[in-house]
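> Pasting a structure below so you can have a look.
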Amino acid sequence: MATIAPTSETRGLLTLIVNDREVSIVAPPAQRLSQVLREELGLTGTKVGCDAGDCGACTVLLDGEPVCACLVAVGQVENQSVTTVEGLKSRPPLFNSLQEAFLRHGAAQCGACTPGMLVAATALLEKKNSPSEADVMDALGGVLCRCTGYRKIINAVLDVPRNPKSP
């Protein structure tokens, strides 16, 4: 009797919790989470820049921690909570305040880094109500921006009202 070794193309049924919703997908467990989010689930807010973990455009929250989705195999996140930029709207009033601060400061230009920046900033602000400039720089350091020079983005995150009121 011959045994068939699994390949990277072997597909399996996986259950993920994406943006507070349980989803089941059939995919190779080794497939990049970024690819599954964009191509299988239609969550195109997760950008793919370098596909090597260098640019941070694909940053998502995995159980509340920012990770590059291009470096994570979808099989690694089974039954874990994944939050994309689309899912941040379920975090008012913080997300509303962060979005308004980005607009106020002109912190978004070409938009390639913006989803990753918003996700990384959300992770920081959910942990630290009043981060220092160094905290913000550290939290956003994994997301590259070619347009703003970071100052507008850092100022926007620092300008998010402390203890924002719910809408």
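> Treating each Cα of the chain as an identical point scatterer and ignoring solvent, apply the Debye formula and state log10 I(q)/I(0) at q = 0.15, 0.18, 0.19, 0.20 Å⁻¹.
-0.78, -1.06, -1.16, -1.26
> Please report, as a whole percent, how much of the solvent-accessible surface of the chain comes from carbon and sulfur atoms (probe radius 1.4 Å).
On the way: 4470 of 8680 Å².
Here it works out to 52 percent.
> With unit charges on the beta carbons (Lys and Arg positive, Asp and Glu negative) and the dipole taken about the Cα centre of the chain, which residue among Ile154, Gly75, Val18 sits farthest to the positive side?
Ile154
> Further question: Ranked highest first by the average count of other Cβ atoms within 10 Å around their residues, in what order do 123-134, 23-34 fall?
Details: 123-134: 13.7, 23-34: 17.4.
Sorting 123-134, 23-34 by mean packing, highest first, produces 23-34, 123-134.
> Could you work out the per residue convex hull volume over the alpha carbons of region 77-167, in cubic angstrom? Write out the running numbers ahead of the final one.
Details: hull volume 9.4 nm³, N = 91.
Taking only Cα atoms, region 77-167 has a hull volume of 103 Å³ per residue.
> Could you work out [θ]222 nm for the chain from helices alone, using -39500 (n - 2.57) per DSSP H run of at least four and dividing by all its residues? Round to the nearest 500 deg cm²/dmol.
Numbers: 4 runs with 42 residues, N = 167.
When only DSSP H runs of four or more count, the value is -7500 deg cm²/dmol.
> I would also like to ask the following. Starting from the Cα gyration tensor of region 44-106, multiply each eigenvalue by 5, take the square root, and state the resulting semi-axes largest first in whole Å.
Those come to 23, 16, 8 Å.
> Charges only on Cβ, +1 for Lys and Arg, -1 for Asp and Glu: so what's the dipole of the chain about the Cα centre, in debye to the nearest 20?
Numbers: 15 positive and 17 negative charges, 106 e Å.
Here the size comes out at about 500 debye.
> Convex hull volume of the Cα atoms in region 113-153, per residue, in Å³?
Per residue, the Cα convex hull of region 113-153 comes to 61 Å³.
> Just want to confirm a number: the relative contact order over the chain, from Cα pairs under 8 angstrom separated by 6+ residues, in percent.
Answer for the chain is 22 percent.
> For the chain, compute the number of Lys pairs whose alpha carbons are separated by less than 21 Å, excluding pairs fewer than 8 positions apart on the same chain.
Number of lysine pairs found: 8.
> Mean-square fluctuation check for the chain, GNM, Cα pairs under 10 Å: which of Ala120, Ala73, Ala112 is largest?
With Cα springs under 10 Å in the chain, the top fluctuation among Ala120, Ala73, Ala112 is at Ala73.
> Give me the accessible area per residue for the chain, probe 1.4 Å, as a whole number in Å².
For the chain, the solvent-accessible area averages 52 Å² per residue.
The values are calculated or read from the model by the stated rules, or taken from the named source; none is laboratory data. Keep in mind it's a predicted model, so treat the numbers as computed, not measured. For neighbour counting, all protein chains shown are included, and Cβ atoms are generated from backbone atoms with ideal geometry for every residue, glycine included. Ligands, DNA and RNA are excluded from the accessible area calculation, which covers all protein heavy atoms including side chains. Shrake-Rupley method; radii C 1.70, N 1.55, O 1.52, S 1.80 Å.
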